[in-house]
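Report on one structure; see the data block that follows.
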Amino acid sequence: MNVLGSPREIGAELRGARCRARLTQAEVGRVVGYSASAISRIEGGTLRLDHERLMRLAAVLRIPPDRLSATPAPVGTALDTVKRPADDAEDAVHRRNLLTGALAVGASAVVGAPPSRATASEPTEPAGIEDILFRLPTAESAPPTRLLQQAASAREDFRAARYSDLARVLPGLIATASATREATGGRDREVAGTVLARAYVLASELALKQHSDAAWVAADRALTAARATGHPVPIGEASRVLAITMRRSGQCQAAVRLLTDQAADLDATRAAGSAVRASLMLTAAYTAATAQDRTTALGLLTAADDATVDEPSAAGLFTVDATRAQVDVYRVGVLTVLGTPDEAVPIARRIDVAALPTPERRARAWTDTARMWHALGNDEQTYTALRHIEQEAPQEVRRPAVRALTTGVLYGPARVPGLREFAVRTGAVPA
């Protein structure tokens, strides 16, 4: 077995194992008592752990101990900048309480009742992703106008962060679009194929929010359906969600190649093509940042900024938001993942979140802002951003990643008034 020795090699191994486990840096940090920013630095090779802490992290990520070097951190590299619970005893209690939940969080549900009524033990998923993909109802073909209306309604459910509603309608939409595509030809078949691609993109996005492994299946089906239409915009959107699933499994470089190749194939002279190109490059930038490739990530952000349009560009069912404000939202996320959240602060402050077009986008902006403040150790500002997520999209705040962020703040050294009640209300911790 090849034993890894350098901090960068060890960090890459840890990052790959975390991605394969479908865990975020916050989720892993919550288990072992570190902040998300510390996990980012460990994975980037800029923060070394002593042998005991390295073995603890390896155990969480199921890495064989003999895979990693046992060289202790040199004197002077103590983890005094790493946010941990107040003392070792509390640290141990938190790890025991959180280990099972954190490793299972990838399978947790995200959709469900409003947080004022829901608890962690209540069912939150009216239709699972597996039901959407593998247990479709029997359906007959439908007129193209009805299919388009149903697809547009489903897209609005996603944009409004009504994920429980979306989960309920997707099985019927996919089944009807499939039946129509098989039973018709010409223009009707083309419309049905476009609707099917859109439905599978939505299914993949829903699965990604749930951290479900089924996102792979949905994204692959989306790309297959999109390619059958021959239209570059659906193909671009399907490629984007597939690349996100690749990133989460640790295949960051391959995902960046897929995204940039697809962006190059789009017609930049058309507004819709330009908007999708910008969206692909934004996702590629975040993916490169996840791999700690700062040069590529910042270069892709600049390219995306050059491709943006002043208003969201309509391409039928594949309307894409690729404005300069959206670039700024991604820039905050990229800089935070790269371990330089201080550079993101002035950018976050200039974003007019209220002007973003949908609740889902506004909630995403507040999520990236919360992660930025958490990486900077500002628990009060993190909690403020979390409350904004809840106000914009109650179901968004119940996502596994946001719940993990909530518990990361809750079990940090600071005591933030109202945070525990928020954590219970949103299902991050039991009542």
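Nothing in this text is a laboratory measurement; each read-out follows from the coordinates by a stated rule. Since the model is a prediction, treat every value here as computed from it, not as a measurement. Cβ sites come from the backbone with ideal geometry, for glycine too, and all protein chains shown count toward neighbours.
Does region 311-431 classify as rounded, prolate or oblate by the C-alpha gyration tensor (a ≥ b ≥ c root eigenvalues; a/c under 1.5 gives rounded; else a/b over b/c gives prolate, otherwise oblate)?
Working: a/c = 2.45, a/b = 1.46, b/c = 1.68.
Because a/c hits 1.5 or more and a/b fails to exceed b/c, region 311-431 counts as oblate.
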**Request:** Just subtract the alpha-carbon distance of ARG324 and THR295 from 0.36 nm times their residue separation and send over the number in nm, one decimal.
**Result:** 8.4 nm
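Roughly what % of Cα-Cα distances in region 192-296 sit above 17 Å, to the whole percent?
Working: 2704 of 5460 pairs.
When every Cα pair of region 192-296 is considered, 50 percent fall beyond 17 Å.
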**Prompt:** What's the center-to-center distance, using Cα atoms, between region 129-150 and region 412-431 in Å?
**Reply:** 39 Å
**Message:** Would you report the distance distribution of C-alpha pairs in region 195-247 as whole percents per 5 angstrom bin, up to the bin with the largest distance?
**Reply:** 5, 29, 36, 19, 9, 2
**Alpha-carbon centroid distance for the pair region 323-402 / region 14-50, whole angstrom** = 20 Å
**Complete:** Rounded to whole angstroms and listed largest first, the alpha-carbon spread of region 355-397 along its three principal axes comes to 29, 16, 13
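Where Lys and Arg each count +1 and Asp and Glu each count -1, what net charge lies around ALA179 among other residues with Cβ under 15 Å from its Cβ? Don't jump to the answer; show the numbers that get you there.
Numbers: positive: ARG146, ARG181, ARG189; negative: GLU140, GLU182, ASP188.
Here the charged neighbours net out to 0.
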**Request:** Extending each Cα 7 Å along its Cβ direction at GLN253 and ALA139, get the distance between those two points in nm, one decimal.
**Result:** 4.0 nm
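Where does the charge balance sit around VAL241 when Lys and Arg score +1, Asp and Glu -1, over other residues with C-beta under 13 Å from its C-beta?
On the way: positive: ARG198, LYS209, ARG221, ARG240, ARG247, ARG248; negative: GLU205, ASP220, GLU237.
Neighbour charge sum, excluding VAL241 itself: +3.
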**Message:** Taking loop as defined by DSSP and a crowding limit of 10 other beta carbons within 10 Å, which trypsin sites (Lys or Arg not before Pro) in region 167-257 fit?
**Reply:** none
**Request:** Quick one: what are the phi-derived ³J(HN,Hα) couplings along region 337-352, Karplus 6.51/-1.76/1.60 with θ = phi - 60°, whole Hz, x for glycine and proline?
**Result:** 5, 6, x, 10, x, 4, 6, 7, 4, x, 5, 4, 6, 8, 6, 8
**Message:** Rounded to whole Å, give me the distance from the Cα center of region 175-189 to that of region 232-253.
**Reply:** 26 Å
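Under 8 Å for C-alpha pairs, at least 6 residues apart: give me the relative contact order for region 122-191, rounded to a whole percent.
Numbers: 64 pairs, mean separation 31.0, N = 70.
Relative contact order, region 122-191: 44 percent.
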**Asked** What is the sum of charges around VAL169, taking Lys and Arg as +1, Asp and Glu as -1, for the other residues whose C-beta is under 11 Å from the C-beta of VAL169?
**Response** 0
**Complete:** Per the C-alpha gyration tensor (a ≥ b ≥ c, the square roots of its eigenvalues), region 16-60 is rounded if a/c is under 1.5, else prolate if a/b beats b/c, else oblate; here it's rounded
**Asked** Using a ≥ b ≥ c from the Cα gyration tensor of region 215-270 (square roots of the eigenvalues), is it rounded, prolate or oblate, where a/c under 1.5 gives rounded and otherwise the larger of a/b and b/c decides, a/b for prolate?
**Response** oblate
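Cβ neighbours within 10 Å, averaged per peptide: list 285-297, 373-385, 348-360 in order, most packed at the top.
Values: 285-297: 22.2, 373-385: 20.4, 348-360: 15.6.
Order by mean packing, descending: 285-297, 373-385, 348-360.
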